[in-house]
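Encoded as structure tokens, the structure appears first; notes follow it.
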Amino acid sequence: MKKYLAAFLFCTFYSVLVAQVCYNDSPCMNGGECIQYSPADNYTCNCTGTGYEGVNCTELIVTPTPTSAFSVISTPLVCTPPCNSGSLRLVNGSRSNEGRVEVCQNGTWGTVCDDSWDNTDAGVVCRQLGLGTSGTAYIRAHFGEGNGSIVLDDVACDGTEQFLVNCRHNSSHNCGHYEDAGVTCPACIDGSIRLAGGFNSLEGLVEICSGGAWGTVCDDRWDSTDAGVVCRQLGYASGTSIGRAYFGQGNGSIVMDNVDCTGSESHLSNCTHITDHNCCHSEDAGVRCARAVANCSMETIASSDRGTFEWPETMSDRTANIPCPNGPSGAIANRTCTNNGTWESPDIESCATTSVANGFRNI
């Protein structure tokens with residue numbers, strides 16, 4: 001009996017002791033309630049209402065913030081605009097005139113299989129994109145593999161089509177994206193010209209397109225008649241020739257030498273020239289162009305003391321004296337015709353000091 005009583009007393013004392021230890025040195029954190037069981041390491045933490053969870057109430061409970069129709073989404077939404085069926089784009093090229101050919105079908109972009117793909121097909125692609133009428137075909141995913149659908153296979157253009165989808169082709173295929181077709185289109189249209197290296201759009205090194213690439217012009221025999229043809233081709237009125245790579249040396253081929261224009265040509269490539277040359281880029285030709293100067297139209301003006309006058313006296317006159325509007329009797333003001341063909345406002349300050357205008361004719 002004593003034996004059982006001793007065991008009971010020991011267990012009771014031990015339980016009280018353990019409960020006291022749990023109470024005074026609780027492993028539960030952040031206000032969690034320690035619930036002790038026997039033995040001493042058998043406990044649980046009641047984390048209710050603390051905002052924490054986990055074995056010892058140490059893990060913060062994160063409640064997702066509800067969103068509504070008016071919530072601001074922190075992650076930007078990237079939208080891809082739909083494309084028009086049949087349109088083309090070039091992807092993954094190092095320049096804008098080359099890349100993997102992608103065709104729009106049902107609002108999404110797909111690729112073209114390289115079965116039977118050749119330069120005639122590439123030429124149709126370049127024509128549709130406005131990059132000339134010829135092109136170089138590439139196969140075996142030269143510009144990388146695409147994704148999405150393979151839209152066209154066994155393309156067989158005859159070269160006259162305006163759109164790639166008008167070429168004979170199959171819509172079903174036996175291809176993988178490792179066979180995606182690509183093209184390189186001409187960088188420019190043969191015979192076109194541009195100015196490079198100038199301080200403004202009116203001047204620069206003359207570059208001319210030949211064989212789909214930009215080249216330069218040698219300055220042998222280069223004169224202002226030749227420069228005038230260049231400037232008129234670019235939409236300007238006249239030009240002055242400049243040699244010795246004044247605007248910097250170009251690169252690529254020297255396309256023309258010994259240029260000899262008459263001045264009536266609409267394109268520089270129509271001028272007499274040779275394509276063989278003995279030049280270096282240190283002899284690259286340049287121009288400085290001038291815009292067209294417009295004449296101002298005849299105008300009439302009424303003056304209380306002079307009657308009605310027509311001015312200027314001749315269409316070649318760039319300045320004119322007119323009776324001052326609302327000025328003293330007989331006073332005149334100067335007006336100048338601007339290069340764009342409009343008259344500047346009268347110089348009103350001269351109205352009080354100038355005399356009656358001469359050179360007007362009554363009408």
Worksheet item: Applying the selection to the range 249-260, what residues are in contact with a helix residue (DSSP H, G or I) (Cβ under 6 Å, 6 or more places away or on another chain) and either surrounded by fewer than 20 Cβ atoms within 10 Å (Cβ to Cβ) or not assigned by TED's automatic domain parsing to the domain that holds residue 283 (or both)?
Response: 249
Worksheet item: Scanning the range 188-203 for residues that are assigned to a loop (DSSP other than H, G, I, E, B) and touching a Gly at 6+ places or on another chain (Cβ under 6 Å), which turns out modelled with the lowest pLDDT?
Response: 189
Item to complete: Please indicate, with yes or no, whether at least one residue in the range 124-138 is farther than 23 Å from residue 110 by Cβ and part of a helix (DSSP H, G or I).
Response: no
Discussion item. I need the full set of residues from the range 91-108 which are in contact with a Cys (Cβ under 8 Å, 6 or more places away or on another chain) and either without any contact (Cβ under 8 Å) to a residue 24 or more places away in the chain or buried (at least 18 other Cβ atoms within 10 Å of the Cβ) (or both), in order please.
Written reply: 97, 98, 104
Worksheet item: Tell me, which residue of the range 121-159 that is β-branched (Val, Ile, Thr) and more than 22 Å from residue 84 (Cβ to Cβ) is surrounded by the fewest Cβ atoms within 10 Å (Cβ to Cβ)?
Response: 133
Worksheet item: How many of the residues making up the range 159-174 are at pLDDT 95 or above, in a loop (DSSP other than H, G, I, E, B) and within 17 Å of residue 115 (Cβ to Cβ)?
Response: 1
Practice prompt. Search the range 231-248 for residues being touching an Asp or Glu at 6+ places or on another chain (Cβ under 6 Å) and part of a loop (DSSP other than H, G, I, E, B), and hand back the single one that is surrounded by the fewest Cβ atoms within 10 Å (Cβ to Cβ).
Written response: 243
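The values are calculated or read from the model by the stated rules, or taken from the named source; none is laboratory data. It should be emphasised that the depicted structure is a prediction, and the values quoted were computed from it without experimental measurement. In this analysis, Cβ positions are derived from the backbone assuming ideal geometry, glycine residues included, and neighbour counts consider all displayed protein chains.
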